[in-house]
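Throughout, read-outs are computed from the coordinates displayed, never taken from laboratory work. Not measured: the values here are computed from a predicted model. We place every Cβ from the backbone using ideal geometry, glycine too, and count neighbours over all the protein chains shown.
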Amino acid sequence: MKIHKGDTIKVMVGKDSGKTGKVLRVDPKAMALVAEGLNLIKKHSRPKKQGEKGQLVSVPAPLNISKIMLVCPSCKEAARVGYRLEKDGSVKTRYCKKCNSAI
C-alpha cells in the first residue's frame, strides 16, 4: 500500500470530504485504513463499574483506500504517490507526483 501509518491524508469522497487526519492503522488485506477524527461512528459503551452510566462514544471507523489521498509533507497538497529506486537500486522510496519530492 502507498499509505503508511503516521501519514497525513485527505478525504476526497463521502461525508468527511475535504477533511484531513493522521493514519492510525492500515489494513492492506481489506484495502482500508483508520484515521483520527475521520469517519466517526457512535458506539454504545456499557457501564464498567457499579454506579457508572453507559454512554455514547465516537470511534473512527475504517475508510476505503480509494476515497483518500496522501497529503505531501513538502507541498502540503493532496497528491498521487509513486515509487522510484535510489541511485544504487537497493532502496525503493515513495515520492509526490506533484512536486517530485521524496516522502
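Under the Karplus relation 6.51 cos²θ - 1.76 cosθ + 1.60, θ = phi - 60°, what is the ordered set of whole-Hz ³J(HN,Hα) values for the stretch 88-101, x standing for Gly and Pro?
Computed from phi, the couplings for the stretch 88-101 are 7, x, 9, 10, 9, 10, 8, 9, 7, 7, 7, 9, 6, 9 Hz.
In nm, give the distance between the simple-model label positions of S90 and K42, each being 7 Å from the Cα along the Cα-to-Cβ direction.
5.6 nm
If each residue of separation counts as 0.36 nm, what is the full-extension length gain between K29 and K5 once their alpha-carbon separation is subtracted? Spell out each step's value before the answer.
Values: separation 24, 0.36 × 24 = 8.64 nm, distance 1.49 nm.
Contour length minus Cα-Cα distance gives 7.2 nm.
Tell me the GluC sites (Glu not before Pro) within the stretch 26-96 that lie in a loop according to DSSP and have at most 11 other beta-carbon atoms within 10 Å.
Sparse-neighbourhood loop GluC sites (Glu not before Pro): E36, E52, E86.
Over the stretch 8-71, what is the mean sequence separation of C-alpha contacts under 8 Å (at least six apart), divided by residue count, expressed as relative contact order in percent? List each step's numbers first, then the result.
Values: 118 pairs, mean separation 23.1, N = 64.
Once divided by the residue count of the stretch 8-71, the mean separation gives 36 percent.
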